[in-house]
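*Asks:* Handing you this structure, nothing more for now.
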Amino acid sequence: MDNNPKLGDLELEVLEHVWQHGEVDIKSAHQDLGEPRGITHNTVQSAFKRLWEKKLLQRRKVGHAHLYSSKISRQELTERLVGELIEQVAGPSPSVALEAFVNLAERAGEDTLAELEELVSRRRQDRGKS
Amino acid sequence: MRIESWLAISMVLSSVACLGTALAITLCWPLLKGFVGRLAPARQSRAMLALITMPLLGALAAPLLAFFPSLLDLFGVVRDHCHHHIHHAFHLCFLHSAPPSLPWFAIIPAMAPVILLTRGTLAEARMIWRTRALAAEFRALSTESEDADISILASDKPRAMVMGWPVGSIFVSRGMNALLDPAALAVVKEHERAHVTHRDVFRKSLARITSCLLFPKTRARLLEALEIARERVCDERAAEVVGDRLLVAETLLRIERAHGSRLPGGALGVGAKGLEVRVRALLDDSPPEPRSHGWAGWLVLAASVAVIIAAEHMHHGLETLVLSLIGG
């Protein structure tokens, strides 16, 4: 299984739809997602099938139709993507361009961090006294 | 097999100038580092960008200087001087002379700058493609916040970043919102907004491409210095908005501490080193005043005038260089 499957726009919208509605069938999803965008039933069905193949959705058969529900939460998927991001920005040759408030991939050593915390704390105290 | 082409001569000159500039920067960086480090962050960042771009400028300037008299003649500014020394064996003049003959293998090193730049541009294009795809996924997975320009990431780790290309979007995680009080959160948001305002993602893409002509270790050092300078620019902006420099330092350390899984011993890598530089810089009570560098503009102007005045001498110097290179 690909841990970090690439997701297209429609797949992301389908996931969002499933997260909002719990268990959904293709017909209702097509009404909500496909019709406003002028997308055919088959296209929506393909997106569901791809997400199921990527193991992001699960499904059960009811009569002739499949009912789909999510296999992964928004948070789990976000953490997966962040994990992928960290892998790609780590090392001397990052492959994703971003600006992070603190470095995503590299952590300061304990000694350095403790020394800096001490310095800042002392400066705060000095400022309080003055 | 030999090649007779002014383009080939231009490429040889470009590669020699590029190599010379890259070498000069490598040798001078240990001396320049201290000076650049004392500049205010915004000036420091500009200085780093200028240094990074110099081999490319050198490569572009060399053929222009070499053919300066011919170009002036071509545009009808000044008559070329070729006819004054017509008895000379060789002239760098595409109007009145035939190009000298080069051995075919001379073109291989001459193509190095073009190959390096192309490779760097393709690598950056791949990076931009991945960045845009990932940013689209993050945007789709994020929820809106009370700030219209900030999306909330469904992650419990304290993370804040600007992602996307050419203009990034700001993402702040739920973990960050939970960890920080409103004042510290404002520091994070203002810092990230400064990255967006300054178009840092785009700026650094350009730096990564143009820096391909530097030696690898020098390139890594200069890009690291640029990265730290850009972070400091945004730290200063955040400090200015919240009105408390120490709060910015405290916020940085608080988030770093919250990440856990700490390495024992000293700081490692760009991120950790950058953190130390940023925090120490914020311990100063006042923001680094940009020193009066009005002279910098005059220096550039004076250098340009000097180059124009000396262009003819440089042209002759380059003629001698080419002659010695091709064994004329």
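*Asks:* Give, as a single signed number, the net charge of other residues whose beta carbon lies under 11 Å from the beta carbon of B:Thr197, with Lys and Arg counted +1 and Asp and Glu -1. List each step's numbers first, then the result.
*Replies:* Numbers: positive: B:Arg193, B:Arg199, B:Arg237; negative: B:Asp149, B:Glu190, B:Glu192, B:Asp200.
Taking every Cβ under 11 Å from that of B:Thr197, the sum is -1.
*Asks:* Give the calculated FRET efficiency between B:Val167 and B:Arg79 to the nearest 0.05, with a Förster radius of 45 Å applied to their Cβ-Cβ distance. It would help to have the intermediate numbers written out before the result.
*Replies:* Values: r = 50 Å, r/R0 = 1.10.
That gives a FRET efficiency of 0.35.
*Asks:* Do the sum for the protein assembly as shown: with -39,500 (n - 2.57) for every DSSP H run of n ≥ 4, divided by all residues, what is the mean residue ellipticity at 222 nm, to the nearest 500 deg cm²/dmol?
*Replies:* Working: 17 runs with 286 residues, N = 458.
Using -39500 (n - 2.57) per qualifying helix, the result is -21000 deg cm²/dmol.
*Asks:* 7 Å from Cα along Cα→Cβ at both B:Ala24 and B:Trp104: what's the point-to-point distance in nm?
*Replies:* 3.5 nm
*Asks:* Hey, could you pull the Cα Rg and Dmax for chain A, both in Å?
*Replies:* For chain A, the Cα-based Rg and Dmax read 22.9, 77 Å.
*Asks:* What dipole magnitude, in Debye to the nearest 20, does the protein assembly as shown give about its Cα centre under +1 on Lys/Arg Cβ and -1 on Asp/Glu Cβ?
*Replies:* That gives the protein assembly as shown a dipole magnitude of about 600 debye.
*Asks:* Can you give the average number of partner chain beta-carbon atoms within 10 Å of each beta-carbon in peptide B:129-135, as a whole number? Before the final figure, lay out each step's value.
*Replies:* Details: counts 1, 8, 7, 2, 4, 10, 4.
Mean inter-chain Cβ contacts per residue within 10 Å come to 5.
*Asks:* With Cβ to Cβ distances under 13 Å as the rule, what net charge do the other residues near A:Thr78 carry (K, R +1; D, E -1)?
*Replies:* Details: positive: A:Arg74, A:Arg80, B:Arg139, B:Lys157, B:Arg159, B:Arg174; negative: A:Glu16, A:Glu76, A:Glu79, A:Glu84, B:Glu137, B:Asp156.
Taking every other residue near A:Thr78 into account, the sum is 0.
*Asks:* So, one more: Within the set of other residues whose C-beta is less than 10 Å from the C-beta of A:Ser69, count the net charge using Lys and Arg as +1 and Asp and Glu as -1.
*Replies:* Net charge around A:Ser69: +2.
*Asks:* Going by average Cβ density within 10 Å per residue, which order do the peptides B:17-29, B:312-324 take, highest to lowest?
*Replies:* Numbers: B:17-29: 17.5, B:312-324: 15.6.
Final packing ranking: B:17-29, B:312-324.
*Asks:* Let me ask another. Using the Cα centre of chain A as origin and beta-carbon charges of +1 (Lys, Arg) and -1 (Asp, Glu), tell me which of A:Pro36, A:Trp52, A:Gly63 is placed farthest towards the positive end of the dipole.
*Replies:* A:Gly63
*Asks:* Name the long-range amide H neighbours of B:Arg159: under 5 Å, sequence gap of 5 or more, or other chain; modelled H, no Pro or chain starts.
*Replies:* B:Ser173, B:Gly175, B:Met176
*Asks:* Normalised by the number of residues in chain A, what is the relative contact order in percent for Cα pairs under 8 Å and 6+ residues apart? The partial results should precede the final answer.
*Replies:* On the way: 98 pairs, mean separation 26.1, N = 130.
Over chain A, the number comes to 20 percent.
*Asks:* For segment B:79-238, how big is Rg over Rh, using alpha carbon atoms and the Kirkwood form of Rh?
*Replies:* Details: Rg = 24.6 Å, Rh = 19.6 Å.
My calculation puts Rg/Rh at 1.26.
*Asks:* Here is a follow-up. To make sure I understand the rule: partners must be aspartates and glutamates, Cα under 19 Å from the Cα of A:Lys55, and not fewer than 8 residues away in the same chain. Which ones qualify?
*Replies:* Cross-link targets: A:Asp2, A:Asp9, A:Glu11, A:Glu13, A:Glu16, A:Glu23, A:Asp25, A:Glu76, A:Glu79, A:Glu84, B:Glu137.
*Asks:* DSSP H helices in chain B with Cα extent of 30 Å or more along the helix axis and mean Kyte-Doolittle hydropathy at least 0.0?
*Replies:* Details: long enough: B:6-37 (42 Å, 1.65); B:41-66 (37 Å, 1.09); B:112-141 (43 Å, 0.50); B:216-242 (39 Å, -0.36); B:294-326 (44 Å, 1.33).
Those that clear 30 Å and a mean of 0.0 are B:6-37, B:41-66, B:112-141, B:294-326.
*Asks:* Shifting gears a bit: Between B:Arg139 and A:Gln125, how high is the FRET efficiency from 1/(1 + (r/R0)^6) when r is the Cβ-Cβ distance and R₀ = 51 Å? Nearest 0.05. List each step's numbers first, then the result.
*Replies:* Details: r = 43 Å, r/R0 = 0.84.
About 0.75, to the nearest 0.05.
*Asks:* Relative contact order for chain B: what percent, with Cα pairs under 8 Å and sequence separation of 6 or more?
*Replies:* Working: 366 pairs, mean separation 72.6, N = 328.
Answer for chain B is 22 percent.
*Asks:* May I pose another question? Using a cut-off of 26 Å between alpha-carbon atoms, which lysines can reach A:Lys61, once sequence neighbours fewer than 8 places away in the same chain are excluded?
*Replies:* Qualifying lysines at Cα under 26 Å: A:Lys27, A:Lys49, A:Lys71.
*Asks:* Where a Cα-Cα gap under 28 Å defines reach, which lysines qualify for B:Lys204, not counting those fewer than 8 residues away within the same chain?
*Replies:* Counting by Cα, and skipping residues close in sequence, B:Lys204 has these lysines nearby: A:Lys6, B:Lys33, B:Lys157, B:Lys189, B:Lys217, B:Lys273.
*Asks:* Across the residues of B:226-233, average count of Cβ atoms on other protein chains within 10 Å? Before the final figure, lay out the partial values.
*Replies:* Working: counts 0, 2, 0, 0, 1, 5, 0, 0.
Mean shielding by partner chains, rounded to a whole number: 1.
*Asks:* Something else: Check which residues have an amide H placed less than 5 Å from A:Ala97's amide H, if you skip close sequence neighbours.
*Replies:* Hits under the 5 Å cutoff: B:Thr131.
*Asks:* For an R0 of 51 angstrom, estimate the FRET efficiency from the Cβ-Cβ distance between A:Ser69 and B:Ala123 and round to the nearest 0.05.
*Replies:* Values: r = 41 Å, r/R0 = 0.80.
E between A:Ser69 and B:Ala123, to the nearest 0.05, is 0.80.
*Asks:* Within 10 Å of each Cβ of A:112-124, how many other protein chain Cβ atoms are there on average? If you can, show how the numbers build up before the last one.
*Replies:* Working: counts 12, 10, 3, 4, 12, 7, 0, 5, 12, 3, 1, 8, 5.
Per residue, the number of nearby Cβ atoms from other chains is 6 on average.
Read-outs: derived from the displayed coordinates by stated rules, not from any lab. Since the model is a prediction, treat every value here as computed from it, not as a measurement. Neighbour counts run over all protein chains shown; Cβ positions are idealised from the backbone, glycine included.
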